[in-house]
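Read through the structure below, which is laid out as structure tokens, and then see the notes.
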């Protein structure tokens, strides 16, 4: 086997492991727009969802069928009608919606039934259960427009969905519902997915969409200078919605965002908008630190805080590669458990991405900042600077005049941040006795008083 593959695969797989453990037994509701299926993305989407389910995640899949219904309407010489982003469903459109829903269910079930050798689905056993898990009611007449057979969700059969998920099945739902009297209604994928996520109190609602996410500056196109805002607090998302015009089309910024906000306010911890154009976008969003699209959350998931005993394992995992390559001095688990209260960490969604410890020498009115480490996954994003500032704050609160570091490889990083090189003889006597003269670490000091 190629040694380069070993070198890259093993660290990558280990970095993904915390997310695998975290999401086991959680419930994800995934809404896939009909455009993704029309673009030929269904086989890969099915493979990725099967993989996620195999790692213990309970999956509810809600498919859209906007382009499929429009295609059938066009074949019948009928023009699609929308108002306020919702289809006006007459008798012809209702027939087309029923045909499209049936065809798509068949295609989706077929995609999850594949198991050819040497493919991601080899050996996979995905049971797909679909049924009348929701009842609907008519939209009615809004602003003088009769929506006819267009409907909205009235009630979700939460118990039925949970039973199916607990049996190990993937639940498949169409944007189609029936009233208690048996009348059929055409719904929207976005509303069905949101309603199901709220009813289940799902851990995630993920929209696989035509858009890449929410741009940092919504007035400009997404680019290197205007990237996707990967994490949007609920309050900021609500303010953004208030400032945006009402959405009429899926490409409008507010179109998916309004449903993410509704889900978040309804108790769903995280709602995501990701692009179907990027292969593997669900895996990238779920199992990579910054994801690929926009995540709406009730509060920032990243926290800068003092460490606790629960963080010992995460700190060890973070610093181990740097100890192996000689960047850091080896520290035992016992040492870290003993000194864990001296550590500051940055934690994101249960994973430690940066840390540093502060060892005080009160008699010399100084302290050593040791084991400053930032995960390679997030280097260059300012986490090291944030940890440094918190360490400086802790030193000031302790009444110290300076902090110092010992380094063999990152001298210039510290000098850029106000540190000055000094002779090892400057060190406090207690620290000088432990100084490793063979290692020849450079000593840098920063005044903080």
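The values are calculated or read from the model by the stated rules, or taken from the named source; none is laboratory data. All of these numbers come straight from a predicted model, not from anything done at the bench. Cβ placement follows ideal geometry from the backbone for every residue including glycine, while neighbour counts extend to all protein chains displayed.
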Open item on the list: Can you find a residue that is part of a loop (DSSP other than H, G, I, E, B) and out of contact with any strand residue (DSSP E or B) (no Cβ under 8 Å at 6 or more places or on another chain) anywhere in the stretch 229-240?
Closed with: no
TODO: Please report, ordered by residue number, the helices (runs of 4 or more DSSP H) entirely within the stretch 1-92 with at least 3 residues that are out of contact with any strand residue (DSSP E or B) (no Cβ under 9 Å at 6 or more places or on another chain) and surrounded by fewer than 12 Cβ atoms within 10 Å (Cβ to Cβ).
DONE: 3-23
TODO: Could you look through the stretch 269-284, keep only residues that are in contact with a strand residue (DSSP E or B) (Cβ under 7 Å, 6 or more places away or on another chain) and modelled with pLDDT of 95 or more, and pick out the one that is surrounded by the fewest Cβ atoms within 10 Å (Cβ to Cβ)?
DONE: 275
Open item on the list: For the stretch 313-323, which positions are in contact with a strand residue (DSSP E or B) (Cβ under 9 Å, 6 or more places away or on another chain) and buried (at least 16 other Cβ atoms within 10 Å of the Cβ)?
Closed with: 314, 315, 317, 318, 319, 322
Task: Enumerated strands (runs of 3 or more DSSP E) restricted to the stretch 151-213, each holding at least 2 residues that are in contact with a strand residue (DSSP E or B) (Cβ under 7 Å, 6 or more places away or on another chain), over 20 Å from residue 82 (Cβ atoms) and in contact (Cβ under 8 Å) with a residue 24 or more places away in the chain - done: 151-156, 170-173, 204-209
Open item on the list: Among the listed residues 144, 140, identify the single one that is free of Cβ contacts under 8 Å to residues at least 24 places away in the same chain and within 23 Å of residue 64 (Cα to Cα).
Closed with: 140
TODO: List the number of the failed condition for residue 319; all other conditions in (1) under 31 Å from the mean Cα position of the chain (by Cα); (2) part of a loop (DSSP other than H, G, I, E, B) hold.
DONE: (2)
